[in-house]
1. From the list B:SER140, B:SER82, B:SER104, which one is modelled with pLDDT under 95 and assigned to a helix (DSSP H, G or I)?
2. For region B:26-45, enumerate the residues that are more than 12 Å from the chain's Cα centre (by Cα) and closer than 30 Å to B:THR114 by Cβ.
3. Restricted to region B:143-176, and to residues that are of a type in the set (S, T, N, Q) and crowded, with 21+ Cβ neighbours inside 10 Å, which residue is farthest from B:PRO89 (Cα to Cα)?
4. Check off (1) away from chain A (no Cβ under 13 Å); (2) aromatic (Phe, Trp, Tyr); (3) in contact (Cβ under 8 Å) with a residue 40 or more places away in the chain for B:TYR41 and give me the number that stays unchecked.
5. Any chance you could count how many residues in region A:48-70 are surrounded by fewer than 24 Cβ atoms within 10 Å (Cβ to Cβ), at the interface with chain B (Cβ under 8 Å from one of its Cβ atoms) and not in a loop (DSSP other than H, G, I, E, B)?
6. Go through the residues of region A:82-94 one by one and say whether even a single one is without any contact (Cβ under 8 Å) to a residue 12 or more places away in the chain, more than 30 Å from B:GLN179 (Cβ to Cβ) and not aromatic (Phe, Trp, Tyr).
7. When you check A:SER69 against the structure, is it of a type in the set (S, T, N, Q), under 16 Å from A:LEU134 (Cα atoms) and within 14 Å of the chain's Cα centre (by Cα), yes or no?
8. Restricting attention to region A:82-109, report how many residues are small (Gly, Ala, Ser) and facing another protein chain (nearest Cβ under 10 Å).
Amino acid sequence: MPVSLTSSKVIFDALKQCDVRLLSALPETWLVHLIRMADEDPEVILIRLAKEEEGVGISAGAHFAGVKSAMLMQNHGFLASINGIVSFAHLYKIPLLMLISYRGSFGERDPWQTQGGNVTEALLRAMAIPYSFLDRIENVERRIRQAQTLAESSLQPVALLLTRDLMWEE
Amino acid sequence: MLRLDCLRAVYSKLENCLVVTIMGATAAELHSLGHRSNFFYLQHAMGLASSTGLGLALSLRDQKIVVFDGDGSLLMNLGSLSTMARYRPGNLVHVVFDNESLLSVGGFPTATSTGTDLEGVARAAGIPTVLTVRTVEDFSTTVRDALDGTQLTTVIAKVEPTGPAGYVIDLSLVENRFQFRRYIQSLKR
């Protein structure tokens, strides 16, 4: 499977350097290594979800407890989380660090991913969620640190879109 | 059985717990008994009270967490039962007030009024201890035992579809949230 192990490791290490100790995740192809790394790391609590919106509540609980968390999901999982983001994270000023695999964008071969790719950024903008891209390995550590910093200072959701250029090797 | 009587019966036991409630009547009734800074009322985001309790329980293993859920909210996020069962934190007690109704939005009947059995759903999802109670006395005993125990427990409490006259409480959502987090931080000192 040509999911980049190298990039996944850099992302995972960057999350740990930000003191992220709880990860919620719903498996998807690009996240396979990240989820395995979280599962194997005794310092990280991995919570495998049935649906991504649960992750909003779980991250809120972790925030109340003083534990830094991040959510790993596909952009369709972001779509499935929107009510939780608006009516919990925005309403109650909860910091969320959302790492979203940006499927359905340039280079996508799976037809079923393409509609979600069309609307991901438009929805992030409509929801006034600050977002940036993880597209080059040299920038990953800094971007994750900056996103985490902004989420904590602004007490709101912040998104990083994981791109094909970073996650897929072929 | 009235939800308010159930809450009153365990109110003293909640003093040392972290409490998360759903919106509407449940939040208003608990608040009416006397607000404490260890109570968090999730006034929207239906379905996520149990997820919030799970996040708290897995982050604070030495702290007892109580979630006061409802049939309408839980039916919106049945997958939460399978996620809770997967990690089954022994410090989490999940109470579901089942009034077979979406009371706070006008009293529309939920699927528990037409045969959906939340006890069966929770048990089949893998929650280790699941109990249904129909009297205040049973409610009090069951919830107190679950809080003293060490196993993830879901309590289905069959209650009347009645609630307070209004649902707005004199506590801003954000104030409640900051107060709740500050209370938890104070436990760590």
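The values are calculated or read from the model by the stated rules, or taken from the named source; none is laboratory data. In this text, all values refer to a predicted model and were calculated from it rather than measured experimentally. Methodologically, a virtual Cβ is constructed for each residue, glycine included, from the backbone with ideal geometry; neighbour enumeration extends over all protein chains shown.
1. On the way: B:SER140 fails: modelled with pLDDT under 95; B:SER82 fails: modelled with pLDDT under 95.
None of the others qualify; the one that does is B:SER104.
2. Going residue by residue through region B:26-45, those that are more than 12 Å from the chain's Cα centre (by Cα) are B:28-29, B:31-38, B:43-45.
Result: B:ALA28, B:GLU29, B:GLN43, B:HIS44, B:ALA45.
3. If we take residues in region B:143-176 being of a type in the set (S, T, N, Q) and crowded, with 21+ Cβ neighbours inside 10 Å, then B:ASN176 is farthest from B:PRO89 (Cα to Cα).
4. Of everything listed in (1) away from chain A (no Cβ under 13 Å); (2) aromatic (Phe, Trp, Tyr); (3) in contact (Cβ under 8 Å) with a residue 40 or more places away in the chain, B:TYR41 misses just condition (1).
5. 1
6. For region A:82-94, residues without any contact (Cβ under 8 Å) to a residue 12 or more places away in the chain, more than 30 Å from B:GLN179 (Cβ to Cβ) and not aromatic (Phe, Trp, Tyr): absent.
7. So A:SER69 does not fit the description; no.
8. If we filter region A:82-109 for residues that are small (Gly, Ala, Ser), which is where we start, we get A:84, A:87, A:89, A:101, A:104-105, A:107.
When the remaining residues are screened for being facing another protein chain (nearest Cβ under 10 Å), the result is A:84, A:87, A:89.
Going through region A:82-109 one residue at a time, the tally reaches 3.
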